[in-house]
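Worksheet: the structure to be examined is printed underneath.
The values are calculated or read from the model by the stated rules, or taken from the named source; none is laboratory data. Everything quoted here is computed from the prediction, not taken from an experiment. Positions of Cβ are generated from backbone atoms using ideal geometry, with glycine treated the same way; all protein chains shown enter the neighbour counts. We work out accessible area using only protein heavy atoms, side chains counted, and drop any ligands, DNA or RNA first. Shrake-Rupley method; radii C 1.70, N 1.55, O 1.52, S 1.80 Å.
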Amino acid sequence: MARPNTGNFEQYGLEAVPSSLKISTWKEYAIITFAFSVNAGNFLVPALAVTQGNLPWLAAFLAVWIGALLAFLCVSALSIPGALYGLPGQYILRTFVGSWLATKIASPIRVLTSLYWFSVQTIGGTFILQAVISNFLDIHIPFAVLASLTASLMAYLALVGYDAVKKVTRMFLPLLIIGQGLMLFVIFKEMSAVNDISTSNSSMHWGVFFFYMSLAFVQFVSGVSASSDMTRYAKTARQGFVGMFVGNTAGYFMTALIGTLVAAYFHSTNPFVTLSDQAPSFYVGLFITFSGLLAMISINIGNAYTGGFSLLNTWPSLGRIKSALLFGGTGVFLSCFPRLSAEAAAII
């Protein structure tokens, strides 16, 4: 059977994927998108709704999850053209807004958002990795060195292409689910001791509620066309739509729940670091940390993979390989600046 790559790397860029390669089911897309969801970068908006928006945790949870849910409807809808025609999302945008707007406006914006989230995810994961190495091995490695190494690994996997995305997320999924279960266990164990998850200044303001709902919406709707980059390998449009929506909504439900609870109870924006410190045993804490690193790898392979197609649509003469390399190299460079994560609310 034919494969979607020649040699080690996927070769299909702006041309249609052959029908013989369109074999992915809704379950595979649900796995991919669920594995993308629960990560350090995606915890930022839910946590900020509590720590900066001063919303009660339930209001913060509902605000970001509703906003994300609306975005996921758009994301899933835009997966349909990719499944029907076997084309990447940014190229399909040309039929909606015209070639000039797609290549000069939409695709460059998508490149920038993909680069930002690639760097933020890497920064969050690097802090986790740096803490593990320091605490357990008593070795200090400069942040920039660790960030460059981890970003380079993820950029390489994205260069390999869709096969790498599918195989890595499928392999990581059981470990990610166990890690999320352990995180909830630690949260509820600590909550049962105090039975109070309200921040001292929390209060319900509808303006703030809708602000963070819009932040969550913008965070995900900005990548609406990226869904077709994945579903161009789907068996049918329905398989792609259902898989994308189920995986995204279920995954972000866990993200919003954990992120808002940790922010309300522990006053932290990085649940992986906080909950590993609060874990009842060394091994539970280590597994939570490990799951955080796997989550970071999963989402960033996707960020780099889809971001490379946006760059390719902006600059078609590059070809898929060169566009993936250029995107990956830029992502590695930006990942060395932790301030990008600290300024998340303003940048989004």
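Of note:
- Under a 5 Å amide H cut-off, with hydrogens placed 1.01 Å from N, S268 pairs with A263 among residues at least 5 apart or on other chains.
- Taking each residue as 0.36 nm, the span from T236 to S152 lengthens on full extension beyond its C-alpha to C-alpha distance by 26.9 nm.
- Carbon/sulfur fraction of accessible area - the chain, other protein chains in place, 1.4 Å, %: 68
- Over 29 Å (Cα to Cα) - which of K104/K235; K22/K322; K27/K322 fall in this group: K104/K235; K27/K322
- Over segment 3-75, volume per residue of the alpha carbon convex hull, in Å³: 146
- Amide H contacts under 5 Å for A234, placed H, 5+ residues apart: S24
- Helix-only arithmetic for the chain: the sum of -39500 (n - 2.57) across DSSP H runs with n ≥ 4, divided by the residue total, places the mean residue ellipticity at 222 nm at -24500 deg cm²/dmol.
- C-alpha long axis of helix 237-266 to longest principal axis of the chain, angle in °: 20
- Rg and Dmax of segment 150-195, Cα atoms only, in Å: 16.5, 48
- Computed over segment 231-337, relative contact order equals 12 percent, with contacts defined as Cα pairs under 8 Å that lie 6+ residues apart.
- Placing pseudo-labels 7 Å out from each Cα toward the beta carbon at V145 and C74 gives an inter-label distance of 4.3 nm.
- The residues of the chain present an accessible area of 41 Å² per residue when probed at 1.4 Å with all protein chains retained.
- Unit Cα scatterers, Debye sum, segment 207-348: log10 I(q)/I(0) for q = 0.10, 0.15, 0.16 Å⁻¹: -0.47, -1.04, -1.16
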